[in-house]
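Written below as structure tokens is the structure these notes are about.
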Amino acid sequence: MSQRLEFVAEHEGWAQLTGLEARAEAVVEAALARLDHPRDGQAVVLLTGDEALQALNAKFRGKDRPTNVLSFPAPDSEGYPGDCALSFETCAREAERDGKALEDHAVHLVLHGVLHLNGLDHIKEDEAEEMEALERAALEAAGIADPYLVRTEP
């Protein structure tokens with residue numbers, strides 16, 4: 001089996017997550033196995049920071065603020081699914097806020113981004129339910145809790 005992901009790390013914070021690449025690869029492979037026609041090739045996952053994600057978000061979405069993950073599907077003629085970018089600082093803040101392990105949250109966001117590269121979306125309610133169900137199943141198989149459960153304080 002060939003790898004589905006190629007990671008490019010340009011932010012030093014990501015180095016602390018030593019199992020991220022292997023775990024994300026396994027979760028993505030499990031999810032894509034459930035799709036009828038996943039896109040061929042390796043998706044590129046850029047592990048960067050808030051500054052880069054803010055610039056990308058402003059340029060491509062008109063939102064001048066950092067975000068956790070962005071996906072850029074490649075044209076079919078390119079022969080690979082596309083690119084995703086994750087921000088270390090935003091992912092870390094969200095994980096802390098939600099009481100999640102940072103690596104688990106990052107694995108979820110890689111999966112989420114790759115599913116976007118494969119045509120899934122969450123704008124319409126029925127599409128969101130399908131995408132989230134696929135994410136939950138793949139993450140659960142890897143021992144990662146449902147990322148859509150809202151944490152409540154005792």
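The values are calculated or read from the model by the stated rules, or taken from the named source; none is laboratory data. Since we're looking at a predicted model, the values are computed, not measured. Using ideal geometry, Cβ is built from the backbone for each residue, glycine included, and neighbour counts are taken over all protein chains shown.
Numbers below:
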{"quantity": "Members of the stretch 31-57 that are out of contact with any helix residue (DSSP H, G or I) (no Cβ under 6 Å at 6 or more places or on another chain), part of a helix (DSSP H, G or I) and not hydrophobic (A, V, I, L, M, F, W, C)", "calculated": "Glu51, Gln54, Asn57"}
{"quantity": "Within the stretch 53-66, considering residues that are farther than 21 Å from Glu6 by Cα and not basic (Lys, Arg), the one surrounded by the fewest Cβ atoms within 10 Å (Cβ to Cβ)", "calculated": "Gly62"}
{"quantity": "Qualifying residue in the stretch 80-90 (condition: surrounded by fewer than 19 Cβ atoms within 10 Å (Cβ to Cβ), hydrophobic (A, V, I, L, M, F, W, C), over 15 Å from Ala31 (Cβ atoms) and free of Cβ contacts under 8 Å to residues at least 60 places away in the same chain)", "calculated": "no"}
{"quantity": "Subset of the stretch 58-87 [in a helix (DSSP H, G or I) and either over 18 Å from Val114 (Cβ atoms) or small (Gly, Ala, Ser) (or both)]", "calculated": "Ala58, Lys59, Arg61, Ser77"}
{"quantity": "Tabulated pairs, the stretch 1-30, first in a helix (DSSP H, G or I), second acidic (Asp, Glu) and surrounded by 12 or more Cβ atoms within 10 Å (Cβ to Cβ), C-beta under 6 angstrom, 6+ apart or interchain", "calculated": "Leu20/Glu103"}
{"quantity": "Verdict on Arg34 being at pLDDT below 95, surrounded by 12 or more Cβ atoms within 10 Å (Cβ to Cβ) and under 23 Å from Glu130 (Cβ atoms)", "calculated": "no"}
{"quantity": "The stretch 1-19 - residue that is surrounded by 13 or more Cβ atoms within 10 Å (Cβ to Cβ) and touching a strand residue (DSSP E or B) at 6+ places or on another chain (Cβ under 8 Å) and, of those, modelled with the lowest pLDDT", "calculated": "Arg4"}
{"quantity": "Residue that is surrounded by the fewest Cβ atoms within 10 Å (Cβ to Cβ), among those in the stretch 109-124 that are touching a residue at least 60 places away in the same chain (Cβ under 8 Å) and in a helix (DSSP H, G or I)", "calculated": "Leu117"}
